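What follows is a short report on a single structure.
All of the numbers you see were taken from the coordinates with simple rules; none came from a lab. Keep in mind the model is a prediction, meaning the values are calculated, not measured. Heads up, the Cβs are rebuilt from the backbone with ideal geometry, glycines too, and the neighbour counts pull from every protein chain shown.
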Amino acid sequence: MEPVEAQALVKRMSEEQPVIVAYSLSASENKAFDQDEGQTLFYVGLVITQIMKQGLVEPGKITEKQLMRAEKANMNLLDKMANDSAGDFASAAESLVEKYPEPEVLRYVTEALMEDEEGDPDNPPIRDKNLGLAFLHLKIVLDAFVGE
C-alpha cells in the first residue's frame with residue numbers, strides 16, 4: 001500500500017471507528033514493542049476493523065464501554081499468556097480459535113503475529129516475548145466487535 005493510500009485508510013477508519021483506531025494506535029505505542037512490531041499491531045488492528053466491516057452485518061461504531069468490557073474480559077488471558085513461549089502461545093491461540101464466534105478472523109490474527117508477509121514462521125513480525133501482549137490487544141479489538 002502506498003503511503004497516500006495508507007493515510008487515507010487511517011483517516012477513513014478514524015471517522016468510522018474512532019475508539020478502535022485510538023486504542024490500536026495507543027497499543028502500538030506500548031514501550032514493549034519496537035517500531036516494526038508497533039506498526040504491525042496497528043496495521044492488523046485496522047485489518048480486523050475492515051474485515052468486520054465487510055461482514056454480513058456491518059457493526060456500528062464501537063464505544064469506549066464496549067472496548068472496556070472486552071479489555072476487562074481479557075485481563076485473565078494476559079496473566080496466562082504473559083510468560084508463554086511461542087509454542088505455548090500457538091497452542092493456546094489455537095484452542096481459543098476453535099471456540100471463538102469469528103474463528104477465521106482470530107486465526108488471521110494469530111497467523112499475522114507469527115508469520116512474516118510471505119507466511120514464513122521463521123521470521124515472525126512480533127518477538128516471542130511480545131506475542132501474548134500483541135495477541136491480547138488485537139483480541140480486545142475483535143472482542144469489541146463480536147461482543148465477547
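Per-structure values
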quantity: Ranking of Phe135, Phe42 by count of other Cβ atoms within 10 Å, fewest first; calculated: Phe42, Phe135
quantity: Under 14 Å from Lys72, Cα to Cα: aspartates and glutamates that are on another chain or at least 8 residues apart; calculated: Glu64, Asp143, Glu148
quantity: Long pairs among Lys31/Lys65; Lys53/Lys129; Lys31/Lys99; Lys61/Lys139, criterion Cα-Cα beyond 20 Å; calculated: Lys31/Lys65; Lys53/Lys129; Lys31/Lys99
quantity: Estimated 222 nm signal from helices in the chain, with DSSP H stretches of n ≥ 4 weighted -39500 (n - 2.57), rounded to 500; calculated: -22000 deg cm²/dmol
quantity: Alpha-carbon gyration tensor eigenvalues x 5, square-rooted, for the chain, Å; calculated: 22, 19, 15
quantity: Size of charge dipole - the chain - debye, nearest 20, with Cβ of Lys, Arg +1 and Asp, Glu -1, no other charges; calculated: 840 debye
